[in-house]
Amino acid sequence: MTVVDLGCGSGVLGLMCLRAGAAKVTAIDNSSMIEAARMVYDAAGFGGRVELIRGMSTEVTAAEPADVVICDQVGYLGFDAGIVQYLEDARRRFLKPGGVLIPSKIDLDLAGIESEKCYAEVSRWRAESLAPEFRGLGRFAENVKCPVTLERAEVAAGPAELGSIDLREDAPDYHCWRAELKCERDATLHGLAGWFRCELSEGVWMTNSPLAEERIQRPQAFLPLAEPVRAKAGDSIGCTIMARPKEGVLAWVVEASGKRQSHSTLNGMLLGWRDLGAGNPLAVPRLNREGEARRAVLSYCDGVRSVAEIEELVWREYPGLMPTRQALSDVVVRTLSTGAELD
Ligand SMILES: C[S@@+](CC[C@H](N)C(=O)[O-])C[C@H]1O[C@@H](n2cnc3c(N)ncnc32)[C@H](O)[C@@H]1O
């Protein structure tokens, strides 16, 4: 079979496919890890059966559709590292009709967590030793999803099955899942934690559950509560998780002891007008200094001039555009490394 290894990193998954008999692997990675993959495939003697493509999977094209697309972008929570949108795109453009996706399905679990250790990211903003003017920043920490490595004993309520995402089908942009978490013992719940069980092929599952005997060494996602909740054995904690996987937004609502707490990663982001403006179709953009410099660099990139000649021309023709020669050099490298092919 032919295989696309999407986000190949060191190339480990593609290598396993080749060792299992794959005829060819197309390995895609948007970072310099593509060079690590090249070394690994060459060292394993498979260099001739691998096509390496540097770029975001959503922005590159493959020579021909493959029988299998394999990808490890499951993150901590299953859908928080981009797998949903990457495989949706890959299914359409890189996979033969009837081809195989690995993983094919992600199941999500949710639990209530008692853990001062996990809660430290929130509680440190309330410490006596912290200057009062910084304490307001704690509201960001209360809305951030944190990778944590949980002990079995820290799971105090649940777990419950939250939902499931079938990667072979188009997923909705918005999910709203509800779960009732049964308290196993008296506990102070500091937050929720989520993890995944993903199906690699029929009957073969991979999980980062802290409760599983056989699990991969990957953290779980901790979702803190602004106010820890006191719960008794047998209590039921109502939880709602809302997610926009393609936009990386996650919200969690907890109802317990007659109180409702609501959090969202949107409230954990330091969003300035710059972050929001480019997503507004009605905003009217103007080139800033970096944009001007990039435009100048690209306008001199004609397939004949060298990098040094391009830099020299921009330095001479656009005096004062960048404050120092070093700053211009950096823009030249940034612009050409993504906007040009270099021989
Ligand atoms: C979590 S690592 C996994 C590496 C490897 N597959 C493994 O299992 O060890 C993800 C790698 O994929 C790259 N990556 C993530 N999303 C990508 C995408 N959509 N297109 C190309 N590369 C991507 C990252 O730069 C990183 O090198």
Given +1 on the Cβ of Lys and Arg, -1 on the Cβ of Asp and Glu, and no further charges, what dipole in debye does the chain carry about its Cα centre, rounded to the nearest 20?
480
Express the Stokes-Einstein translational diffusion coefficient of the range 2-102 in µm² s⁻¹, to the nearest whole number, given a Kirkwood radius over alpha-carbon pairs, 4 °C and a viscosity of 1.567 mPa s.
98
In the range 152-209, which GluC sites (Glu not before Pro) fall in coil by DSSP and have 13 or fewer other Cβ atoms within 10 Å?
GLU169, GLU202
According to the square roots a ≥ b ≥ c of the eigenvalues of the Cα gyration tensor, what is the shape class of the range 45-158, taking rounded for a/c under 1.5, prolate for a/b larger than b/c otherwise, and oblate for the remainder?
prolate
Rounded to the nearest Å, what's the spacing between the alpha carbon centres of the range 294-315 and the range 72-119? Just the number, please.
42
Describe numerically, in nm with one decimal, the distance between label points set 7 Å from Cα along Cα→Cβ at ARG185 and at ARG38.
5.4
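Per the 1.4 Å probe, what fraction of the accessible area of the chain, in percent, lies on carbon and sulfur atoms?
53
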Inter-probe distance in nm under a simple model that places probes 7 Å from Cα toward Cβ, at SER104 and VAL304
5.6
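Any chance you could run the full-extension gain for CYS176 through ALA23? It's 0.36 nm times the residue separation minus the Cα-Cα distance, nm to one decimal.
Stretched out fully, the CYS176 to ALA23 stretch lengthens by 51.0 nm.
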Once the Cβ-Cβ distance between SER31 and LYS232 is put in as r, and R0 is 45 Å, what FRET efficiency do you end up with, to the nearest 0.05?
0.40
For the chain, find the longest principal axis of its Cα atoms and tell me its angle to the long axis of helix 83-93, 0 to 90°, nearest 10.
50
Residue pairs, from the table LYS105/LYS259; LYS145/LYS246; LYS24/LYS96, whose Cα atoms sit over 23 Å apart
LYS105/LYS259
What accessible area, in Å² to the nearest ten, does a 1.4 Å probe give for HIS263?
10
Take the Cβ-Cβ distance between ARG289 and GLU51 as r, set R0 to 51 Å, and report the resulting FRET efficiency rounded to the nearest 0.05.
0.85
The helix 33-43 Cα axis meets the longest alpha-carbon principal axis of the chain at an angle in degrees, between 0 and 90 and rounded to 10, of 80
Please sort by residue number the trypsin sites (Lys or Arg not before Pro) in the range 260-324 whose DSSP state is loop and whose Cβ has at most 10 other Cβ atoms within 10 Å.
ARG286
When a/c reaches 1.5 or more, the comparison of a/b and b/c decides; with that in mind, is the chain rounded, prolate or oblate per its Cα gyration tensor?
oblate
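The values are calculated or read from the model by the stated rules, or taken from the named source; none is laboratory data. Bear in mind the structure is a predicted one, so any value in this text is a computation, not a measurement. Note: ideal-geometry Cβ built from the backbone for every residue, glycine included; neighbour counts use all protein chains shown. Protein only, heavy atoms only, side chains kept; ligands, DNA and RNA dropped before computing areas. Shrake-Rupley method; radii C 1.70, N 1.55, O 1.52, S 1.80 Å.
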